Amino acid sequence: MAALVFFEAGYNFFDTIYKIDKEVYYSSRDSYSEIMSAPDVMDALEEIDDGFYRAEKTFFRNVNDNQAYGLRGVSHSSSVMNARILNFLETLGYTTKSYESRYDGNTPIADSLLGIKYVLNDPEICNPETDRRSLLCPYYNKVGSTSYTKENDKVGTVDIYENPDALPIAFMADDDILKLSFLGNDNPFNSMNNFLSSMTGSTTDYTNLNPASYFYRLNFDPVNDVQLNECTVRDYNGQFCYDALPNAVDPTVRVHFTSEKEEPLYLFMKSDNQKKCNLWFSTTKNEETGEFENFESMGSYYDGYDYCIINLGKIPVGTEVELRMTIIQQDKTGANEFIMVRDFQFYYLDYELFHNDIQKLKASPLVLDMDKTTESRIVGEVDAKEGEILYTSIPYEPGWTIKVDGKKLDKKFVDEIKVDNMLLDDKLAQLDESFSKGELTEEAYETAVKDAKTRAKSIIANTCPENEQGVVVVLNAMIGMKLEPGHHKIEMTYSPPGFKTGVVLLILGIAIVIYFWYNDRKTNPALLAKAEAKANWKKGIYLTVTENEDAEEKKSVKIIKSKGAVTPKEKPVEAEEDDEAEQEYELHEEELDEEVSEEEAEEVDKAEEAEEETKDSDSNKKVEAKKAESKKNSGKGKNKKK
């Protein structure tokens, strides 16, 4: 039985640790040398710029490296992370999963809108010249370099790159941005176009949502430009589902396109059912066979941090390209061996158009007072114009207090649950009406209700009137402010919800404990007795316990010692030696209790012995009395005979 218990406990321990490592990732001990050298890297960055900005890195020990380095970036893992912000980062193309986000999938537009000004890069890990999936943006400029200690105490190099288009933490933007409730997650390139175009006032038609084309699409036909090898294709809820054939040797989906611009080409393959596949890239085509060769591995896709925007790099105009997706086989039966793609998205960036519009936003920043700005407090000044809002790249969280010119700014938004651009309650009422009219069967009705509740999202709706000031939430994620035209002083302070209440309750709790402690010293019989015993000890008076017939009583007995006698309880009683007596009292308090208990036990034993002796004495007296009476009676009998 013991062996079975140990086996079960050991297996559960191993299984738990293994699964946590698989989901969260445990760092190796050797990798901590990198974290130990992180302060040196940050010192080098602060020598270049000691201002208030965001920064990121292209190499990872784990997803929470930024906290160890002290970087304010987008890479983060937390089980209590703001779900709205995770969704927002996903709409911009960054990689996210459950409660994590990472810098993979970055683009110049997303980085600039979030204020990511500097990027740290290890050229041995991420080299744009040789790495097809480099995380380093080609438009960033190298401004510095330093060394750091890598795993196993290996010395590496960190290059510091600056994003010339990074926006400040807050700036004035066109209030057209409030016409967008949120960004969709079906196409991150469209989301970024809508985001930037609305803030610069470049979107003229919000009915059909026709923004400026910072990202524009490569001509590609998902039917005719895709070749299948040992696999088939079928429709699955509007997606292309590519199934491997049984016993296939190399089931692949081969995507072909021709480069139209010698500019960085970005790729994102939207899928509602992600299943890991391997990617291969080739620009070398065999003229005789017509087959591509010399493929370059691009790792996996749809797996972990790999599901995000990929920078394919610059490809010469007119170059034919094959992107090969290998279906991962398990047992070669064809069952559960597939890839699903809803949309193949190939996009170029019109950098000049993007750069010019970014300069418009950089012209009206919130000028920070760095002497008063801290991690939880932002103070600055800004000039507002008609038709503008103050946009901040600070995620909305309960706990922010915002003051404009010394006056608290009220919140002008409400939180609503919506589905299909209508309130969930209205949607359910619509379904109820259709069911009552017989337009839906019971099964269809139940399915529609379940689907509506599943797809429902919490959306923050702004309610600020046209000519009023107030705090608003931009794109269901970021803090914004509607301001009156003119010069304003802005103060933003963050305090976690419940923090002040917690501090008050803590102080109150401490006060209550002190009160009860002080009151007990004055009224608690046990504490009073202890204090009295302590005082008596100093005076040379000790307590003994005697038993009476009715109850136990404590009596003070003064111990009279003969000259020169030494006992364990003999202590000095001079006034100048009170402190020493008090210490000795505490040391012998337990001993005193034990001795008192021993004295009680001795007294009980003596009482029992005395009682037994009394009984024996009474018994002897009765025997003697009987003997005497017997003798007396015997004498009387003899006299009668005479």
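Quick rundown of the values:
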{"item": "Using a Förster distance of 22 Å, the FRET efficiency for V155-R132 (Cβ separation, nearest 0.05)", "result": "0.20"}
{"item": "Segment N185-E386, extension gain: residue separation times 0.36 nm, minus the distance between their alpha carbons", "result": "69.2 nm"}
{"item": "Cα centroid separation - segment 89-165 against segment 386-414, whole Å", "result": "31"}
{"item": "Accessible surface of segment 155-194 [probe 1.4 Å, protein heavy atoms]: carbon and sulfur percent", "result": "41"}
{"item": "Virtual spin-label span in nm between D425 and E468, 7 Å along Cα→Cβ", "result": "2.1"}
{"item": "Whole-number percent relative contact order across segment 1-107, with pairs defined as alpha carbons under 8 Å at least 6 apart", "result": "19"}
{"item": "Backbone HN-Hα couplings from phi across segment 368-375 [Karplus 6.51/-1.76/1.60, Hz, Gly and Pro as x]", "result": "7, 9, 5, 6, 10, 7, 10, 5"}
{"item": "Amide H partners (placed H, <5 Å) of V143, local residues excluded", "result": "I160, Y161, E162"}
{"item": "Long pairs among K97/K275; K360/K412; K360/K403; K360/K489; K362/K412, criterion Cα-Cα beyond 19 Å", "result": "K360/K412; K360/K403; K360/K489; K362/K412"}
{"item": "Spin-label proximity, E416 to segment 445-473 - amide N less than 11 Å from point 7 Å beyond Cα toward beta carbon", "result": "459-463"}
{"item": "Sites V317 and E397, calculated FRET efficiency, Cβ-Cβ separation with R0 60 Å, nearest 0.05", "result": "0.80"}
{"item": "Cβ-defined net charge surrounding K522, 14 Å radius [Lys, Arg +1; Asp, Glu -1]", "result": "0"}
{"item": "Within segment 198-289: Cβ-based charge dipole about Cα centre, in debye rounded to nearest 20 (Lys, Arg +1; Asp, Glu -1)", "result": "320"}
{"item": "Cβ-Cβ FRET estimate between E293 and N237, R0 fixed at 45 Å, reported to 0.05", "result": "0.80"}
{"item": "By average C-beta atoms within 10 angstrom, highest first, the peptides 237-243, 215-221, 287-293", "result": "237-243, 215-221, 287-293"}
{"item": "For a label point 7 Å along the Cα-to-beta-carbon line of N224, residues of segment 230-263 with backbone N under 18 Å", "result": "254-260"}
{"item": "Rounded accessible area per residue of segment 458-547, 1.4 Å, Å²", "result": "59"}
{"item": "Kirkwood Rh (inverse of mean 1/r, distinct Cα pairs), segment 405-444, angstrom", "result": "13.0"}
{"item": "Extension gain from M370 to S434, taking 0.36 nm per residue of separation minus the Cα-Cα distance", "result": "17.1 nm"}
{"item": "Difference of contour (0.36 nm per residue) and Cα-Cα distance, I125 to K360", "result": "81.0 nm"}
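The values are calculated or read from the model by the stated rules, or taken from the named source; none is laboratory data. Nothing here was measured: the structure is a model prediction, and the numbers come from that model. Glycine also receives a Cβ, built like all others from the backbone with ideal geometry; neighbour counts cover every protein chain displayed. For the accessible areas, the whole protein counts, side chains as well, though only heavy atoms, and no ligand, DNA or RNA atoms are used. Shrake-Rupley method; radii C 1.70, N 1.55, O 1.52, S 1.80 Å.
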